[in-house]
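Notes for the one structure printed next.
Please treat every number below as a calculation from the coordinates, not as lab data. Keep in mind that what you see is a predicted model, and the values were worked out from it rather than measured. Don't worry about glycine lacking a Cβ; one is built from the backbone with ideal geometry, like all the others, and counts go over all protein chains shown.
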Amino acid sequence: MRSTWGILAVTLAIQAMISAAALAGPVLAPDVAGRIGTRAALVGVQVGIIYGAAALASLGSGRLIHGRGAVRTSQLALVLAAAGLSLSLAGTVAAIAGGAVLIGLGYGLVTPASSHLLAQSTPAHRMGFVFSVKQTGVPLGGILAGLALPPIALALDWRWAVGLVIALCLGVALGAQPVRAALDGDRMPGRRASSGANPLRTLLAQPALRGLALTSFVFAAMQLILMGYLVTFLTEGRGLSLALAGLIMAMTQGAGVGGRLLWGWSADRFASARQVLTLLAALSALCAGIFAHEAAGGGVVLLGAVSAVFGAAAIGWNGVFLAEVARIAPSGTVAAATGAALFMTYAGVVAGPPAFSYLATRFGYGPAFTAASVMMTLMALALLVGGRPRPSLRCRETPP
């Protein structure tokens, strides 16, 4: 199977399951925390561990992908996630933290592997849309976790809910086996792949890749700020009920899914990736600014509408970013370049929410969202004045 859509189906399923595994902890935190005698707020530490481990794994992903194959690497990622969830079943803080490390190591391998596969099969004029469709696996995994796990935990026990995710991860890993031989035909077993040996050097040697990596740091920080603090802002800062805040959060996530598809299609049809990212940074800056202004007032309809636009912009950028990395990476280095760029992305995930939390706690939501707006405004200006046109032809991911 070498068709774009067949490979997309495989990578989408893998992305959705690894995302569900990473989000199982946050979704089940209120139930698990009460049963093991800790605070649900500590889920933030678990998320930080997951993305910290993912950042490290992404750096070594290129060598593993070229040596073992992208499908085999993805299968390994799902097995690592299943092992991490299995460890967490012990129900202790140490076991959950150790499990988070394993989940994060798996999470960091999946996107470079899928980029390697999609870069081989996707025509240049479809890359933005195809990569964006694949990235919808992240919110789809979140929807799966959010809809399926809490009812199971309430009806049975949180361990049954985690067990379901373990079974699905292993099932998807096993389901990918029939296509492994065809899709991993370019692997180089027993040979050290030069493209994966120095991923940061690959990144730093290309000014355009460096710029994209720094862009992803800022966008990832903004995305996690929105996803992590929207409900808290709406309930604590604006006095909305938890049910209404949850509804707005769901609408925001849905807008993020739609945004990923719209922006990917737009980057293929109407504008360059840099122009699309500039627009998304400007929209994020505007929405954060409105949140800052409305921190002490404003209607529910306005907050809901702004949240939807915010979600479409701040959650919808990933596919455009990953497609552009694949386009401009030197021949044979898509996996390594993606892994190195994601190192910066995950660093933004780890750094952004704590910085926002400090500002919100110390000064209030208004100043915190003002700072976020300024950050995204500077990002938009940097993208507007500091870019170079993308290459007209995509570099195929062919091992050297």
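Taking Cα Rg over 2.2 N^0.38 Å straight from the coordinates, which label in (i) 1.12; (ii) 1.31; (iii) 0.94 is the correct one?
Identified label for the calculated read-out: (iii).
What length, rounded to one decimal in nm, is gained on full extension from L156 through to V374, with 0.36 nm per residue of separation minus their alpha-carbon distance?
73.8 nm
If you average the C-alpha positions of segment 83-151 and of segment 257-281 separately, how far apart do those two centres end up, in angstrom?
The two parts, judged by their Cα centres, are 23 Å apart.
Give me the distance in nm between label points sitting 7 Å out from Cα along the Cα-to-Cβ direction at V79 and L381, one decimal.
5.1
So, with +1 on the Cβ of K and R and -1 on the Cβ of D and E, and no other charges, what is the size of the charge dipole of the chain about its Cα centre, to the nearest 20 debye?
The dipole of the chain has a size of about 1080 debye.
Taking the highest mean first, how do the peptides 107-115, 372-380 order by number of other beta carbon atoms within 10 angstrom per residue?
Top of the packing list down: 107-115, 372-380.
Between T235 and A182, what is the label-to-label distance in nm when each label sits 7 Å out along the Cα-to-Cβ direction?
4.7
Set the Förster distance to 41 Å, then compute FRET efficiency between H125 and A355 from the Cβ-Cβ distance, nearest 0.05.
0.60
Show me the ranking of peptides 46-55, 250-259, 362-371, 212-221 by mean Cβ neighbours inside 10 Å, starting with the highest.
212-221, 46-55, 250-259, 362-371
For the charge dipole of the chain, defined by +1 on Lys and Arg C-beta atoms and -1 on Asp and Glu C-beta atoms about the Cα centroid, which residue among G25, L80, P330 has the Cα displaced farthest towards the positive pole?
P330
What are the membrane-span-like helices in the chain by this rule: whole DSSP H runs, Cα extent along the axis at least 18 Å, mean Kyte-Doolittle hydropathy at least -1.0?
4-36, 43-68, 70-88, 93-121, 137-155, 158-175, 207-232, 242-269, 273-293, 300-314, 334-363, 365-385
Taking the chain as a Gaussian network, where each spring joins two C-alpha atoms under 10 Å apart, which residue of T122, T278, T92 fluctuates the most?
The residue that fluctuates most here is T92.
Taking 37 °C and 0.692 mPa s as the conditions, I'd like the Stokes-Einstein D for segment 221-339 in µm²/s, using the Kirkwood hydrodynamic radius from alpha carbon pairs.
On the way: Rh = 15.2 Å.
The Stokes-Einstein estimate is 217 µm²/s.
Okay, helix-only estimate at 222 nm for the chain: each DSSP H run of n ≥ 4 adds -39500 (n - 2.57), divide by all residues, round to 500 deg cm²/dmol; what do you get?
Theoretical 222 nm ellipticity from helices: -27000 deg cm²/dmol.
So, by mean Cβ neighbours within 10 angstrom, what's the order for 94-101, 343-350 with the highest one leading?
343-350, 94-101
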